[in-house]
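Working notes for the structure below.
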């Protein structure tokens, strides 16, 4: 029975009292997920596992079937999905798909926090944030640094940028997606900047591994033989990163271990070995070309991080502009 002076309820089966307002405040918050590709399904699944009332929408509705079986509500339209809660998660192909999805929703965003977990550029994130603000919404850009099967685990990292107050208001819900949840700052473009920086690192590592595997493969050695050695090498380089980052920030590049000139000599060996085995020299030739420019600029006696100046410079070869995909979701 209820005591009107305290708004507390006594449970006759346990003789315990509970604060109804507190219980209501701690109930899992409703959340909407727009886009049910592999990542979108993983996001919605994580919310469902933690008891969040989850509304989903996807252009191909059948992709929601497993989620609906687990308790999700399938919205019949984007507008219906957006209306279902104050926190709206978008995870589609790219920012072009985000625009196509959300432009018709300009009259439905009042009071809502829009969290965009789709990939894009920092400029696109800022543009979408400004659009959301004009239509009464608050915008957070997110970057997912995890595979779909890692979502909802302590190891998954998701980085957000945009108004801190909006992040903090929904942090408990967003933290469901990964233990490595963090806020980078109020500039909505920051998470996209960090995401592309990590992608550059990932592709650099993977391309180096692929070239090494090609060299070994041409000599009859399986790639599986390279994997444990590569893991050890990557671990060693990882230990160098903090010190190297300080060198970049300070603009001083001492050759503690070896000079750039020494590195260039080793690059020649990789080129020669690749050529002799009939393996493409495109990757090592690019690496050496960057180093050669630094040597020509008189930086050969400095450490490897002096190459940052080459990466900061405008491109020598300009790549063609590539437009994003067209679909709003899978």
When only residues in the stretch 69-78 that are out of contact with any helix residue (DSSP H, G or I) (no Cβ under 7 Å at 6 or more places or on another chain) and not in a loop (DSSP other than H, G, I, E, B) count, which is nearest to residue 31 (Cα to Cα)?
-> 73
Mind checking which residues of the stretch 250-265 are surrounded by 12 or more Cβ atoms within 10 Å (Cβ to Cβ) and either closer than 27 Å to residue 217 by Cα or touching a residue at least 60 places away in the same chain (Cβ under 8 Å) (or both)?
-> 262, 263, 264
Within the stretch 14-37, can one find any residue that is under 25 Å from the mean Cα position of the chain (by Cα), part of a helix (DSSP H, G or I) and at pLDDT 55 or above?
-> no
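Residue-by-condition table, conditions (1) under 15 Å from residue 117 (Cα atoms); (2) in a helix (DSSP H, G or I); (3) more than 25 Å from the chain's Cα centre (by Cα); (4) touching a residue at least 12 places away in the same chain (Cβ under 8 Å):
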{"residue": "51", "(1), (2), (3), (4)": "no, no, no, yes"}
{"residue": "55", "(1), (2), (3), (4)": "no, no, no, yes"}
{"residue": "59", "(1), (2), (3), (4)": "no, no, no, yes"}
{"residue": "63", "(1), (2), (3), (4)": "no, yes, no, yes"}
{"residue": "67", "(1), (2), (3), (4)": "no, yes, no, yes"}
{"residue": "80", "(1), (2), (3), (4)": "no, yes, yes, yes"}
{"residue": "85", "(1), (2), (3), (4)": "no, no, no, yes"}
Of the residues in the stretch 226-265, those that are in contact with a helix residue (DSSP H, G or I) (Cβ under 7 Å, 6 or more places away or on another chain) and in a helix (DSSP H, G or I) come to 226, 230, 234, 244, 247, 248, 260, 261, 263, 264
Could you count how many residues in the stretch 289-311 are outside any helix (DSSP H, G or I) and surrounded by fewer than 19 Cβ atoms within 10 Å (Cβ to Cβ)?
-> 4
Could you list, in sequence order, the residues of the stretch 266-278 that are within 33 Å of the chain's Cα centre (by Cα) and not in a helix (DSSP H, G or I)?
-> none
For residue 319, are the conditions met, namely being in contact with a strand residue (DSSP E or B) (Cβ under 9 Å, 6 or more places away or on another chain), at pLDDT below 95 and not assigned by TED's automatic domain parsing to the domain that holds residue 102?
-> no
Filter the stretch 132-166 down to residues that are closer than 26 Å to residue 100 by Cβ and touching a residue at least 40 places away in the same chain (Cβ under 8 Å), then give me how many there are.
-> 12
Could you list all residues from the stretch 49-59 that are within 19 Å of residue 82 (Cβ to Cβ) and modelled with pLDDT of 95 or more?
-> 52, 53, 54, 55, 56, 57, 58
Looking at (1) at pLDDT 95 or above; (2) assigned to a loop (DSSP other than H, G, I, E, B), find the lone condition where residue 286 falls short.
-> (2)
The residue that is surrounded by the fewest Cβ atoms within 10 Å (Cβ to Cβ), considering only those in the stretch 93-117 that are in a loop (DSSP other than H, G, I, E, B) and touching a strand residue (DSSP E or B) at 6+ places or on another chain (Cβ under 7 Å), is 112
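The values are calculated or read from the model by the stated rules, or taken from the named source; none is laboratory data. Just so you know, these numbers come straight off a predicted model, no measurement behind them. For neighbour counting, all protein chains shown are included, and Cβ atoms are generated from backbone atoms with ideal geometry for every residue, glycine included.
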